[in-house]
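> Pasting a structure below so you can have a look.
Just so you know, all these numbers are worked out from the coordinates, no wet-lab data involved. Computed from a predicted model, the values in this text were never measured in an experiment. We place every Cβ from the backbone using ideal geometry, glycine too, and count neighbours over all the protein chains shown.
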Amino acid sequence: METKTIITPPFTDEVIRSLKAGDMVYISGVVYTARDAAHKRMCEYLDEGKSMPFDFEGAAIYYAGPCPPKPGKPIGSVGPTTSGRMDLYSPRLIEQGLKVMIGKGFRSQEVIDAIVKHNGVYFAAIGGAAALMGKCVESAEVIAYDELGTEAVRRLVVKELPVIVAIDSQGRNMYEEGRAMYQSACCG
């Protein structure tokens with residue numbers, strides 16, 4: 001029986017380097033939600049010399065805009081947002097210390113280059129399973145940009161949030177490798 005690999009923030013360079021594209025892992029601990037409106041706001045804050053809403057060092061941003069919680073629950077469904085929407089802002093935030101991102105879908109070459117240069121990792125969350133992802137959340141609180149509604153930055157405490165290493169710190173990209181494997185299998 002295979003054991004679960006559970007990783008916890010803050011993520012160290014050593015942990016990030018140990019992750020390989022295709023690895024299935026579970027995250028337990030604090031992650032932050034932020035989508036494109038919050039990313040834009042954070043970059044504006046950088047331009048204005050203002051501080052970020054949380055310390056990027058060892059932290060993870062989950063590209064998600066959660067649904068409101070049902071009574072007695074910390075959060076509603078919380079599925080991943082298409083990561084490409086953050087690509088305009090991600091390289092700058094990676095340069096500021098952000099190393100761990102969670103979302104779904106392809107990333108631009110600029111983001112991949114920044115991941116490799118700054119020893120980062122991009123996790124794919126399970127798209128279409130937002131209710132399952134919501135069950136992994138033990139607590140949730142808005143910590144910044146409340147006026148953005150669902151796109152506000154939230155601090156989540158998660159237990160065994162399932163993710164797959166989509167792009168590792170060496171630049172190996174499961175989206176590209178999976179496509180190549182499929183093409184060679186089906187098309188000779």
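> Once you charge only the Cβ atoms, +1 for Lys and Arg and -1 for Asp and Glu, what is the size of the charge dipole of the chain about its Cα centre, to the nearest 20 debye?
My answer is approximately 500 debye.
> A further question follows. Among VAL165, VAL153, rank each residue by its count of other Cβ atoms within 10 Å, from fewest to most, as a rough exposure measure. Let's see the in-between values first.
Values: VAL165 20, VAL153 24.
Arranged by neighbour count, lowest to highest, VAL165, VAL153 become VAL165, VAL153.
> Roughly how big is region 21-129's charge dipole about its Cα centre, with Cβ charges of +1 (Lys, Arg) and -1 (Asp, Glu), in debye to the nearest 20?
Taking the Cα centre of region 21-129 as origin, the dipole is about 440 debye.
> Can you list the DSSP H helices in the chain whose Cα atoms extend at least 20 Å along the helix axis and whose mean Kyte-Doolittle hydropathy is -0.5 or higher?
none
> So which aspartates and glutamates pass the test for LYS104, namely a Cα distance under 16 Å, with those fewer than 8 places away in the same chain ruled out?
Those aspartates and glutamates meeting the cut-off are ASP23, ASP36, ASP87, ASP168, GLU176, GLU177.
> How much of the DSSP bridge set in the chain is antiparallel, in percent, rounded to the nearest 5?
65
> While we're on this one: To the nearest 500 deg cm²/dmol, what mean residue ellipticity at 222 nm is calculated for the chain from DSSP H runs of n ≥ 4 alone, each contributing -39,500 (n - 2.57), summed and divided by the residues? Intermediate results must be reported in sequence, preceding the final value.
Details: 6 runs with 53 residues, N = 188.
Result for the chain: -8000 deg cm²/dmol, rounded to the nearest 500.
> If I histogram all Cα-Cα distances within region 73-174 using bins 10 Å wide from 0, what percent of pairs lands in each bin?
15, 43, 35, 6
> Could you sort out which of LYS73/LYS135; LYS70/LYS135; LYS20/LYS40 sit more than 18 Å apart by Cα distance in this structure?
Details: LYS73/LYS135 9 Å; LYS70/LYS135 12 Å; LYS20/LYS40 30 Å.
From the list (LYS73/LYS135; LYS70/LYS135; LYS20/LYS40), the Cα-Cα distance tops 18 Å for LYS20/LYS40.
> Counting other Cβ atoms within 10 Å, which GluC sites (Glu not before Pro) in region 12-91 have at most 14 and lie in a DSSP loop?
GLU48, GLU57
> Label 7 Å along Cα→Cβ of LYS40; region 60-74 residues with amide nitrogen under 17 Å?
It comes to 64-65, nothing else.
> If we count other beta carbons within 10 Å of each Cβ, what is the order of THR150, THR3, fewest first?
Fewest-to-most ranking of THR150, THR3: THR3, THR150.
> May I ask which residue of ILE75, THR8, MET86 lies farthest towards the positive end of the charge dipole of region 1-133, with charges of +1 (Lys, Arg) and -1 (Asp, Glu) on Cβ and the Cα centre as origin?
ILE75
> When 1/r is averaged over all different Cα pairs and the result inverted, which Kirkwood radius in Å belongs to the chain?
That comes to 16.7 Å for the chain.
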